[in-house]
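Q: There's a structure below that I have some questions on.
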Amino acid sequence: MLNLVLPETERFPVDVEKLLYEVSRQRYPEDPVLKVAGDDIPGFEGGLFPIGTPRRGWAVAYNSAIKSPGRRRFTLAHEAGHYFLHRPLLGPEGIRCGQAAVVRGEGLDIEKEADRFAACLLMPLDDFRKQLSAKEKPDIGKLTECADRYGVSLIALVLRWLEYTERRSMIVVSRDGYARWARSSEAAFKSKRYIKTSGEPYEIPAGAVAAGEPPFELDGQAVEHPAGVWFDEPVEEISIFSEIYEESTITLLHFGDAKPRWALSEGAGLPDVIDGWAGRR
């Protein structure tokens, strides 16, 4: 619909607030979105709340403490997913969404669905594949260019790219020398290139750029590591320090083009390897 009604120059980034107002009032005039605003929501990224008793509409809120415009846009898109998909399932208190739900799609099925909705709305694959092919190995410049195009955070952009890339790549988000969470592309996972963060804390390897004290001298630069640093094969590391994302380090790992030495059996799903251990330390 957006491809049809918007000219190319206005297609991206998506104006989620405008879309919420206009589409909700056209499609659901008896149950529209009446308010979109920032609010002080400690511990939460955003929420969807009913207005009035009986209900006469909805309010979409995002945490006003969020500094990144990209994170705010993704939060609004996530809450839009709850509005369009889950209104009948919500109680009188509505729903509040934490960072794990909005940024990583963890938690209840409806959180994963809302995250999926947000990614599809903001970064549709028909356009994304034109910007980054499934075989391309992007550097930080290309990834940042795409993130700017869609008006999203670098993390959201990389997670979306990992969904369709044919490359063996993964993202690792760390702080204080330990991985908070990680996610691999399907090709990387099938070749045993993943990091489990649901058990013991995973310490970033000593030889990695991400193990150093930020700001990194090689911040944003591709660094080739020999086998034995991250995994038992050579890997290219790109690490950047982000003050906006809770002063964390965002690392992208690119592995070689070698075919996986083993593969999951047909029909086997990918386990959730992003169960962060935040709060355990």
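Q: For region 1-21, list residues with backbone N below 20 Å from a point placed 7 Å from the Cα of Arg149 toward its Cβ?
A: 1-16
Q: In region 125-255, if the dipole is taken from +1 on Lys/Arg beta carbons and -1 on Asp/Glu beta carbons about the Cα centre, which of Val235, Ser184, Pro205 is farthest to the positive end?
A: Most positive-ward Cα: Ser184.
Q: Dividing the convex hull volume of the Cα atoms of region 57-121 by its residue count, what figure in Å³ per residue is obtained?
A: Dividing the Cα hull volume of region 57-121 by its residues yields 88 Å³.
Q: Considering only Cα-Cα distances, which of the following residue pairs are longer than 29 Å: Lys67/Lys142; Lys67/Lys190; Lys112/Lys196?
A: Lys67/Lys190
Q: A further question follows. Which of the trypsin sites (Lys or Arg not before Pro) across region 157-227 are loop residues per DSSP, with 15 or fewer other Cβ within 10 Å?
A: Lys192, Lys196
Q: To the nearest whole percent, what portion of all C-alpha pairs in the chain is separated by more than 27 angstrom?
A: Numbers: 16574 of 39340 pairs.
Across the chain, Cα pairs with separations above 27 Å total 42 percent.
Q: May I pose another question? Between Asp219 and Lys112, what length in nm is gained on full extension when 0.36 nm per residue of separation is reduced by their alpha carbon distance?
A: In short, 35.4 nm is gained.
Q: Helix 69-86: angle to the longest alpha-carbon principal axis of the chain, degrees 0 to 90, nearest 10?
A: Roughly 60 degrees between the two axes.
Q: Also: When His82, His254 are ordered from fewest to most other Cβ atoms inside 10 Å of their Cβ, what list results?
A: Sorted ascending by nearby Cβ count, the order is His254, His82.
Q: Exactly which GluC sites (Glu not before Pro) in region 69-146 are in a DSSP loop and have at most 16 other Cβ atoms within 10 Å?
A: Glu93, Glu136
Q: So how tilted is helix 16-27 from the main axis of the chain? Cα-based, degrees 0 to 90, rounded to 10.
A: The helix 16-27 is inclined about 40 degrees to the chain.
Q: Would you please give the residues with an amide H less than 5 Å from that of Ile41, counting only those at least 5 places away or on a separate chain, with H modeled from the backbone geometry?
A: Excluding prolines and chain starts, which carry no amide H, the hits are Ser64, Ala65.
Q: Pop out the ³J(HN,Hα) list for region 100-111 in order, Karplus 6.51 cos²θ - 1.76 cosθ + 1.60 with θ = phi - 60°, rounded to Hz; leave Gly and Pro as x.
A: Using θ = phi - 60°, the values come out as 4, 6, 6, 7, 10, x, 8, x, 4, 4, 5, 5 Hz.
Q: OK, next. Under a 5 Å amide H to amide H cut-off, with H placed in plane at 1.01 Å, what residues pair with Arg180 once short-range neighbours are removed?
A: Hits under the 5 Å cutoff: Val173, Ser174, Arg175.
Q: Can you bin every Cα-Cα distance in region 1-56 into 10 Å intervals starting at zero and give me the percent of pairs per bin, rounded to whole numbers?
A: Percent of pairs per bin, in order: 19, 40, 31, 11, 0.
Q: How large are Rg and Dmax for region 125-255 when calculated on the C-alpha trace, in angstrom?
A: Reported Rg and Dmax, both Å: 13.9, 40.
Q: By how many degrees, between 0 and 90 and to the nearest 10, does the Cα long axis of helix 140-150 differ from the longest principal axis of the chain?
A: Relative to the chain, helix 140-150 is tipped by roughly 10 degrees.
Q: Considering only the other residues whose Cβ falls under 10 Å of the Cβ of Gly177, what net charge follows from Lys and Arg at +1 and Asp and Glu at -1?
A: Numbers: positive: Arg175; negative: Asp176, Glu203, Glu213.
With Lys, Arg at +1 and Asp, Glu at -1, the neighbours total -2.
Q: For a quick check: sort Ser133, Ser242, Ser169 by the number of other beta carbons within 10 angstrom, fewest at the front.
A: Ser133, Ser242, Ser169
Q: Determine the relative contact order of region 29-75: mean sequence separation of Cα pairs under 8 Å and six or more apart, normalised by residue count, in whole percent.
A: Once divided by the residue count of region 29-75, the mean separation gives 41 percent.
Q: Could you tell me the ratio Rg/Rh of region 2-122? Both radii from Cα atoms, Rh via Kirkwood.
A: My calculation puts Rg/Rh at 0.95.
Bear in mind these aren't lab numbers, they're just calculated from the coordinates by the rules spelled out. Source: prediction; values computed, not measured. Every residue, glycine as well, gets a Cβ built from its backbone with ideal geometry; the counts of neighbours run over all protein chains shown.
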